[in-house]
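Novice: Before I ask anything, let me first share the structure, which is written out below as structure tokens.
Please treat every number below as a calculation from the coordinates, not as lab data. Small disclaimer: the values here were computed from a predicted structure and weren't measured. Cβ atoms come from the backbone with ideal geometry, glycine included; neighbour counts cover every protein chain shown.
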Amino acid sequence: MPSAPLARPARRLRTASLAALAALATAASSLVLAPAAHAAPGTSCTGSTVHGSAVQDGGTWRAYRGTRELWSGSDMLTAIQRAIDGLDAGRTSKQRVVVNGSGTMSANARITLPSHTAFESCGTIHVSGSGSGNVAGIYMRGVRDIEVARVAMTGTPVYGIFARNVDDLRLRDVDLRLSGGGIGVRIDNHGDRSRMARNIAIDRVFVSGNGGHGVETYGVDGLTVGTVTARDVRNAGLLLNQTINARIGTVDAVNTATGTGYAAFRIANRAGRVGSSYPTNIEVGTVRASGGGRGIFCVSESGGLRVDRVELTNTGNNPVLIENCTNVSLATTSGTVSRGDVRLAARSEFPGNRDITLQNLTLTNGARIVENPCAANLVIRNVNGPVQRC
């Protein structure tokens, strides 16, 4: 009969299928129950492709190139550097190293980034002890095409991030909650002052508790900054030395530069001077400062500065000090100053202030504008509060 032969293969098929499923279930169970031999290669916390990684596995750190383990041991710094050094030699485009885990490194050591490297840390790097010279949590010199996508750092670094004669650098998300040490971020050209460092971008930097500046540049041409947030920083929140062609979004400072002569935002040493002139080339959206020392300070033949919004409250004795500067325009959109003198001053060794515009300011709680000595071409308009001319 035709139905009998059909039934027997169906039973065999069901039996075979059940046996296969049972075997798969047994294998899957054994995989779940078996302990992992060690941590897996790293994964990005910014959603990017990872080429190398340093991964914390209990008390052990492991360095990888892709899925291949390069090194294992107890030292976080060694694992990070081995992962960086394991990237392709002679590469011409960025490769990324990620740190999965948190650990401690000495303030007298550094993580060194070569050209065409992206770095991100998904944990916290703690810097302990003291150091000297150009050591930094993250260090780079004479290289190009670098990205620090994410880093959180604590402790006492000499520099949190130090970049010397570096072109095409981007700092995306930097969080430095320090307990002393020196400068949070410094970018300069002091290895070869014959040319400026170029094409520097900083998306977001938070700095607190350090003994130097929050962010400092010296000898930079082409700087873009989103936000610098400074809290209880000893010296300047953002300091531009001999820097030109800069676009700054916001400087937000609390209790910064207390009693030091610095300011929440300072430009110095011919910042904004292009050749022998001062075209407007340092443009700032907002400077917001409360407590601490000065709010805005332009000094030593700097200028070419425009600040759209000024919000200064209880900042030292000079919430604004303009000294030997050319072409400075403050509060083009709006401004409030509470307490202290918006002061125009000069040192005898430099040319005096020239082409200064103060406007759209509301002065409260004893704040006033004081000009002494006289500036050349000083414009004061739409100011609500006392003005003392020379």
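Novice: Test of understanding: what is the full-extension gain from T258 to S277, defined as 0.36 nm times their sequence separation minus their Cα-Cα distance? Mind showing how you got there, number by number?
Specialist: On the way: separation 19, 0.36 × 19 = 6.84 nm, distance 3.26 nm.
Gain on extension, T258 to S277, equals 3.6 nm.
Novice: Here's something else I'd like to know. Give me the number: length gained by fully extending R144 to T224, i.e. 0.36 nm times residue separation minus the C-alpha to C-alpha distance, one decimal in nm.
Specialist: 27.2 nm
Novice: So how far, in whole Å, is the C-alpha centre of region 167-220 from the one of region 270-317?
Specialist: Result: 18 Å between the Cα centres.
Novice: Nearest 20 debye, what's the magnitude of the dipole of region 47-388 about its Cα centre given +1 on Lys and Arg Cβ and -1 on Asp and Glu Cβ? Intermediate values should be presented prior to the final figure.
Specialist: Details: 36 positive and 28 negative charges, 21 e Å.
The calculation lands at about 100 debye.
Novice: For R381 and R195 in one chain, what is 0.36 nm times their gap in residues minus the Cα-Cα distance, to one decimal in nm? Could you put the intermediate results ahead of the total?
Specialist: On the way: separation 186, 0.36 × 186 = 66.96 nm, distance 3.96 nm.
Net length gain for the segment: 63.0 nm.
Novice: For the pair T49 and T104, what calculated FRET efficiency results from E = 1/(1 + (r/R0)^6), where r is the Cβ-Cβ distance and R0 = 30 Å, to the nearest 0.05? Provide the component values of the computation, followed by the final result.
Specialist: Details: r = 28 Å, r/R0 = 0.94.
In this case the efficiency is close to 0.60.
Novice: Another question, if that's okay. Taking only the alpha carbons of region 216-368, what extent do you get along each of the three principal axes, in Å, biggest first?
Specialist: 40, 29, 28
Novice: Give the long-range amide H neighbours of G123: residues separated by 5 or more places, or on another chain, with amide H under 5 Å away, using H modelled in the peptide plane at 1.01 Å from N.
Specialist: HN-HN under 5 Å from G123: G101.
Novice: I need the calculated FRET efficiency for the pair N314 and E349, taking r as the beta carbon distance and R₀ as 22 Å, to the nearest 0.05.
Specialist: Details: r = 32 Å, r/R0 = 1.44.
Approximately 0.10, to the nearest 0.05.
Novice: What does DSSP give for the chain in terms of the percent of beta bridges that are antiparallel, rounded to the nearest 5?
Specialist: On the way: 12 of 150 bridges.
Just about 10 percent of them are antiparallel.
Novice: By counting other Cβ atoms within 10 Å of each Cβ, how are W61, W71 ranked from fewest to most?
Specialist: Numbers: W61 26, W71 17.
Arranged by neighbour count, lowest to highest, W61, W71 become W71, W61.
Novice: Largest first and to the nearest Å, give the Cα extent of the chain along each principal axis.
Specialist: Largest first, the chain extends 117, 50, 35 Å along its Cα principal axes.
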